[in-house]
Ligand SMILES: *Cc1c(COP(=O)(O)O)cnc(C)c1O
């Protein structure tokens, strides 16, 4: 018997671990037979799960049983082949194992001293991403919890490098189609309403360049300092891609930092088609990516890429006395490449090793497998688009763009009744368990939205969801 109240013997660790692995392997291989979503109210779950912490321990088996059947069961299967709502995430097994491994090794990836191997892997993966995006040599960044944290880090870096600290004259421009995380980053960072400009979009929901230029000129004339533009490469609502080459050109001329939110859409560059659509992305000053979306990693894995990785360190590095032992030394341009303390590049000191899952899964499957998976989802979105075009029940609102298709039920007239009829379809499909889609607004109209990114989704899944919606709309 150990006198450590929190330690288990090796045999017990193995036995419990195998139960978890067996459960996960079964869950993933039988996903198709599961509902795409199961929810419950807070009151119901409180009744099942609530209560004070126990004074004495319980058996793992009993807890695990409740975790499986009550806790984890009441959730969306975001990785289900017919989960086409919001932005799906469908992690791959080597990625899941890598997370388990880094957790089991309790890797602290804030400093090189604390994690030389995992930090080296993060540098390697960032270099892969640099080449995917065709960013210049010297570009790099860091892994974050997700796209929201990546964008907030980019805005903080851009402001700090330009102004040192807060400057009430600094003005930020963003597309009306930007993700809510952009607005949130701006108020988290203390920007006042008077420093923010929301730029309208054109018929295709791309940022209106003339409106942007006019706003910048107006602010300059008023003695303000325009400094940052946040644009989209795959807006969450419709997949809209802003005119990146034109934005790059104007932002350079105007000395504006261009941040492109490519959280979900960015990894489409791995395909031939995606590379064409996203031309110019690698010329941005910074880019948000979410490997936990279209790069098939389990949550969480976000990433910020900047044109000059050292700029992040220049912006954020703080070395307190109690971390002096972990400080890294740069021996200059003729010396060896300096080590990186990833804590110097962002907001987190203690960080999990999130790049390892990308490294392990891309090595195990090969990049071509990822390209093929992404390519197939692009084809499936086109298939959905063509079915909706041919439908007499539904009308297409936005064509397949980076995996997203928006449509709505044909109705006599627009208005609250039409919106309610469309919203009822979203709910009814969720309740059926067959699949899950979500909704948004396009030019103010309520629309249904399919987002097809999952490597497990097949044509039969798209057909099943559309057939179901078709039948429900006719009923
Ligand atoms: C998902 C998404 C975000 C937010 O990223 P998180 O990883 O959820 O924090 C931001 N922008 C876009 C375009 C997204 O698709």
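The values are calculated or read from the model by the stated rules, or taken from the named source; none is laboratory data. Just so we're clear, the structure is a prediction, and the values are computed from it rather than from any experiment. A quick note on method: Cβ atoms are made from the backbone with ideal geometry, for glycine too, and the neighbour counts reach across all protein chains shown.
For (1) modelled with pLDDT of 95 or more; (2) more than 16 Å from residue 154 (Cβ to Cβ); (3) in a helix (DSSP H, G or I); (4) within 14 Å of the ligand (Cβ to nearest atom), each residue gets a yes or a no:
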residue	(1), (2), (3), (4)
274	yes, yes, yes, no
279	yes, yes, no, no
282	yes, no, yes, no
293	yes, yes, yes, yes
298	yes, yes, no, yes
303	yes, no, no, yes
315	yes, no, yes, no
319	no, yes, no, no
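Have a look at 314, 352, 309 and point out the one that is more than 22 Å from residue 134 (Cα to Cα), surrounded by 15 or more Cβ atoms within 10 Å (Cβ to Cβ) and within 30 Å of the chain's Cα centre (by Cα). It is 352. Within the option set 466, 450, being buried (at least 19 other Cβ atoms within 10 Å of the Cβ), under 27 Å from residue 265 (Cβ atoms), touching a residue at least 60 places away in the same chain (Cβ under 8 Å) and over 24 Å from the mean Cα position of the chain (by Cα) holds for one residue only, 466. For segment 260-271, the count of residues that are more than 16 Å from the ligand (Cβ to nearest atom), assigned to a loop (DSSP other than H, G, I, E, B), in contact with a helix residue (DSSP H, G or I) (Cβ under 7 Å, 6 or more places away or on another chain) and within 30 Å of residue 92 (Cβ to Cβ) is nonzero.
Counting the residues of segment 371-396 that are buried (at least 21 other Cβ atoms within 10 Å of the Cβ) and closer than 30 Å to residue 120 by Cβ gives 2.
Checking each residue in segment 150-172 for being without any contact (Cβ under 8 Å) to a residue 60 or more places away in the chain and touching a strand residue (DSSP E or B) at 6+ places or on another chain (Cβ under 6 Å) picks out 169, 170, 171, 172. The residues in segment 238-253 that are out of contact with any helix residue (DSSP H, G or I) (no Cβ under 8 Å at 6 or more places or on another chain) and crowded, with 23+ Cβ neighbours inside 10 Å can be counted, and the count is 5. Is at least one residue of segment 186-195 more than 16 Å from the ligand (Cβ to nearest atom), surrounded by fewer than 23 Cβ atoms within 10 Å (Cβ to Cβ), part of a strand (DSSP E or B) and more than 18 Å from the chain's Cα centre (by Cα)? For segment 186-195, residues more than 16 Å from the ligand (Cβ to nearest atom), surrounded by fewer than 23 Cβ atoms within 10 Å (Cβ to Cβ), part of a strand (DSSP E or B) and more than 18 Å from the chain's Cα centre (by Cα): absent.
The residues in segment 397-433 that are in a loop (DSSP other than H, G, I, E, B) and surrounded by fewer than 18 Cβ atoms within 10 Å (Cβ to Cβ) can be counted, and the count is 7.
Within segment 250-259, the set of residues being on the phi < 0 side of the Ramachandran plot and either within 15 Å of the chain's Cα centre (by Cα) or more than 15 Å from the ligand (Cβ to nearest atom) (or both) comprises 250, 251, 252, 253, 254, 256, 257, 258. The set of residues in segment 355-364 that are out of contact with any helix residue (DSSP H, G or I) (no Cβ under 6 Å at 6 or more places or on another chain) and crowded, with 17+ Cβ neighbours inside 10 Å contains only 362. If the condition is being in contact with a helix residue (DSSP H, G or I) (Cβ under 6 Å, 6 or more places away or on another chain) and within 11 Å of the ligand (Cβ to nearest atom), then segment 212-237 contributes 230, 231, 233. The single condition from (1) closer than 27 Å to residue 320 by Cα; (2) loosely packed, with under 15 Cβ neighbours inside 10 Å that residue 155 fails is (2).
Go through the residues of segment 36-53 one by one and say whether even a single one is surrounded by 14 or more Cβ atoms within 10 Å (Cβ to Cβ), touching a helix residue (DSSP H, G or I) at 6+ places or on another chain (Cβ under 9 Å) and under 27 Å from residue 404 (Cβ atoms). Taking every residue of segment 36-53 in turn, at least one turns out to be surrounded by 14 or more Cβ atoms within 10 Å (Cβ to Cβ), touching a helix residue (DSSP H, G or I) at 6+ places or on another chain (Cβ under 9 Å) and under 27 Å from residue 404 (Cβ atoms). Mind listing whichever residues of segment 65-79 are in contact with a helix residue (DSSP H, G or I) (Cβ under 7 Å, 6 or more places away or on another chain), in a loop (DSSP other than H, G, I, E, B) and surrounded by fewer than 20 Cβ atoms within 10 Å (Cβ to Cβ)? Listed by number, the list holds a single entry, 74.
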